[in-house]
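Contents: one structure, followed by commentary.
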Amino acid sequence: MLLKNRVGIPSVPNQLRYIKLVKKIFNSKILTNNGPILNRFERELKRKLKVDNVILCANATVALQVALKALNSKNVLTTPFTYIATINAMRWIGLNVFFSDISRSSLNLDTEKIDLKLLNKIDTILPVNSFGNFSNFNYFEKIRKKRGCKIIYDSSHCFKIEKNKKSVLKFGDASIVSFHATKIFNTCEGGMIVFRKKKDYLIAKKIIQNSIVNGNIDKTVVGTNAKMSELHAAWGLSLLKKINKIINKRRSLFNAYKNEFLKKKLIIPLNNLSENNFGYMPIILKNEKKLKKINKELFKKNIICRRYFFPSLDKVIKSKNNVKLNISNNITKRILCLPIHENMKISEVKKISRIILKSLK
Ligand SMILES: *Cc1c(COP(=O)(O)O)cnc(C)c1O
């Protein structure tokens with residue numbers, strides 16, 4: 001059965017536009033390794049997002065690993081309120097993970113709670129801009145400049161998000177975006193890194209192609225294969241043409257939800273409504289019991305929500321610092337993401353909202 005209303009229904013490009021590019025691949029027989037379509041996709045992304053030093057990858061998990069390796073990270077402070085990929089990326093390359101709690105308003109690292117003594121133990125902070133919410137960029141810029149601590153943003157949710165007309169991907173030493181099928185912009189599987197410095201970009205470029213530069217092995221880096229293929233790039237290039245339309249449609253769906261929920265005590269935890277991309281429609285309920293009830297009622301009507309993010313990741317892995325993460329543990333039990341996607345109708349938003357408001361009573 002086709003589930004019409006579930007979280008994560010992907011946007012797809014215009015079929016003819018995509019097939020035209022696939023025909024080029026059939027003719028060129030260039031499937032990967034810095035092919036012409038990947039290069040075109042990269043140029044278009046740089047122009048559209050107003051960024052430089054871009055590296056396209058097979059997915060965002062490996063992109064995180066490449067960025068962490070390129071910046072030589074060892075001890076990383078991050079948030080427990082994220083998708084497991086953020087933490088797995090670090091664990092897979094043997095890094096030490098430290099946690100600090102989140103703020104209720106941004107759902108991102110609460111910079112007032114960052115233990116100053118901890119800053120002496122770590123060399124990298126990896127904030128997550130969850131649901132496109134802004135982190136405390138000013139604070140992290142200060143830490144980066146004054147302490148030389150590396151800042152890597154997991155901006156998986158931040159495609160095309162700007163702050164004061166500047167891409168949020170330009171903050172920090174590096175930013176990662178996910179192009180996974182469930183994200184607002186996708187290449188089926190894929191991801192990208194934006195580096196601040198050309199020097200770091202050049203190291204990462206070697207890493208993603210198994211240390212090989214112009215046919216020779218560069219012994220100074222330990223590489224992996226993290227490259228994006230021509231087919232994935234073709235998908236991205238053709239979908240990119242639609243991105244403004246996709247965001248506008250999602251904005252109108254978001255506003256419809258917001259209107260329905262206006263009078264009720266439902267929290268919509270987004271801190272930058274004028275600049276969000278509306279990749280997600282999160283709501284915070286009073287408690288977990290209410291969340292489960294609503295989830296069940298919607299499920300009965302074939303409306304599939306997702307618990308992003310659940311559980312708080314300190315419940316999954318042991319960090320190097322033992323710290324209480326009360327807000328993260330509290331929010332993860334109460335937060336639910338509702339369906340929001342390109343092909344939804346306002347009437348469907350109203351229907352979903354009605355079911356939620358009814359079960360809130
Ligand atoms: C989706 C996601 C990732 C992982 O992205 P993949 O492209 O699936 O590897 C990492 N972090 C966050 C916050 C995500 O939502």
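Mind checking the full-extension length gain between residue 40 and residue 274? Use 0.36 nm per residue of separation minus the Cα-Cα distance, one decimal, nm. Intermediate values should be presented prior to the final figure.
Numbers: separation 234, 0.36 × 234 = 84.24 nm, distance 3.02 nm.
Residue separation times 0.36 nm, minus the Cα-Cα distance, leaves 81.2 nm.
So what's the gap between the Cα centers of the range 78-116 and the range 271-299, to the nearest angstrom?
Rounded to whole Å, the Cα centres lie 21 Å apart.
Sort the range 57-182 into rounded, prolate or oblate with this rule: let a ≥ b ≥ c be the square roots of the eigenvalues of the Cα gyration tensor; rounded if a/c is under 1.5, and if a/c is not under 1.5, prolate when a/b is larger than b/c, oblate otherwise. Intermediate results must be reported in sequence, preceding the final value.
Numbers: a/c = 1.39, a/b = 1.08, b/c = 1.28.
Here the range 57-182 falls in the rounded category.
Determine the alpha carbon to alpha carbon distance for each of 163/351; 289/345; 183/249; 183/300 and list only those over 23 Å.
Values: 163/351 33 Å; 289/345 29 Å; 183/249 15 Å; 183/300 25 Å.
Pairs exceeding 23 Å: 163/351; 289/345; 183/300.
Would you mind calculating the gained length between residue 287 and residue 252 on full extension (0.36 nm times residue separation, minus the Cα-Cα distance), in nm to one decimal? All intermediate terms of the calculation are to be shown ahead of the outcome.
Values: separation 35, 0.36 × 35 = 12.60 nm, distance 2.80 nm.
Net length gain for the segment: 9.8 nm.
What dipole magnitude, in Debye to the nearest 20, does the chain give about its Cα centre under +1 on Lys/Arg Cβ and -1 on Asp/Glu Cβ? Please report the intermediate quantities before stating the final value.
Details: 72 positive and 23 negative charges, 235 e Å.
With only Lys, Arg, Asp and Glu charged at Cβ, the dipole is about 1120 debye.
Using the Cα centre as the reference, give the magnitude of the dipole from point charges on the C-beta atoms of the range 163-277 (Lys, Arg: +1; Asp, Glu: -1; all else neutral), rounded to the nearest 20 debye.
620
How do the peptides 194-206, 263-275 rank, highest first, by the average count of neighbouring beta carbon atoms within 10 Å per residue? Mind dumping the intermediate values first?
On the way: 194-206: 18.3, 263-275: 14.3.
Per-residue Cβ counts within 10 Å, averaged per peptide and sorted highest first, yield 194-206, 263-275.
Between residue 210 and residue 162, what FRET efficiency follows from the Cβ-Cβ distance if R0 is 30 Å, with the result rounded to 0.05? Mind showing how you got there, number by number?
Working: r = 35 Å, r/R0 = 1.15.
Here the calculated transfer efficiency is 0.30.
Treat the count of other C-beta atoms within 10 Å as a stand-in for reagent exposure and order 235, 92 from fewest to most.
Values: 235 25, 92 14.
Sorted ascending by nearby Cβ count, the order is 92, 235.
Order by neighbour count: 144, 40, fewest other Cβ atoms within 10 Å first, most last. Display every interim value, and only then the final one.
Working: 144 17, 40 14.
With the sparsest Cβ surroundings first, the list reads 40, 144.
So how do 86, 111 line up by other beta-carbon neighbours within 10 Å, fewest first? Walk me through the numbers before you get to the answer.
Values: 86 25, 111 19.
In order of increasing Cβ crowding within 10 Å: 111, 86.
Pull out a ≥ b ≥ c, the square roots of the eigenvalues of the alpha-carbon gyration tensor of the range 127-225, then state rounded if a/c is under 1.5, prolate if not and a/b is larger than b/c, and oblate in the remaining case.
Oblate, because a/c is 1.5 or more while a/b does not exceed b/c.
Under a plain spin-label model, where a point goes 7 Å from the Cα along Cα-to-Cβ, how far apart in nm are residue 245 and residue 320?
The answer from the label model is 4.8 nm.
Which of the listed residues, 210, 194, 157, is farthest toward the dipole's positive end in the range 88-237, when Lys, Arg count +1 and Asp, Glu count -1 at the beta-carbon?
The Cα lying farthest towards the positive end belongs to 194.
Starting from the Cα gyration tensor of the range 1-135, multiply each eigenvalue by 5, take the square root, and state the resulting semi-axes largest first in whole Å.
Numbers: eigenvalues 250, 84, 40 Å².
In descending order the semi-axes read 35, 20, 14 Å.
Note down the nm distance, to one decimal, between modelled labels 7 Å out along Cα→Cβ at residue 147 and at residue 361.
Here the answer is 5.2 nm between the modelled labels.
Per residue of the chain, what 222 nm ellipticity follows from adding -39500 (n - 2.57) for every DSSP H run with n ≥ 4, rounded to the nearest 500?
Values: 12 runs with 139 residues, N = 361.
After summing the helix terms and dividing by the residues of the chain, the value is -12000 deg cm²/dmol.
Given 60, 282, 45, which one lies farthest toward the positive end of the charge dipole of the chain, if we put +1 on the Cβ of every Lys and Arg and -1 on the Cβ of every Asp and Glu?
Result: 282.
For the chain, what proportion of DSSP beta bridges, expressed in % and rounded to the nearest 5, is antiparallel? Don't jump to the answer; show the numbers that get you there.
Values: 21 of 36 bridges.
Of all bridge pairs located within the chain, approximately 60 percent are antiparallel.
Would you mind giving the three semi-axes, in whole Å and largest first, of the ellipsoid equivalent to the chain according to its Cα gyration tensor? The partial results should precede the final answer.
On the way: eigenvalues 214, 155, 54 Å².
Each semi-axis is the square root of five times an eigenvalue, giving 33, 28, 16 Å.
Grab the beta carbon distance between residue 119 and residue 197, set R0 = 22 Å, and tell me the FRET efficiency rounded to 0.05. Display every interim value, and only then the final one.
Details: r = 22 Å, r/R0 = 0.99.
After rounding to 0.05, the efficiency reads 0.50.
Could you tell me the calculated FRET efficiency between residue 351 and residue 262, based on Cβ-Cβ distance and R0 = 30 angstrom, to the nearest 0.05? List each step's numbers first, then the result.
Numbers: r = 17 Å, r/R0 = 0.57.
My answer for the efficiency is 0.95.
Summing Lys, Arg as +1 and Asp, Glu as -1, what charge do residues with Cβ under 11 Å from the Cβ of residue 224 carry, residue 224 excluded? Intermediate values should be presented prior to the final figure.
Working: positive: 69, 206, 227; negative: none.
Result for the neighbourhood of residue 224: +3.
Bear in mind these aren't lab numbers, they're just calculated from the coordinates by the rules spelled out. This is a predicted model, so every value here is computed, not measured. Note: ideal-geometry Cβ built from the backbone for every residue, glycine included; neighbour counts use all protein chains shown.
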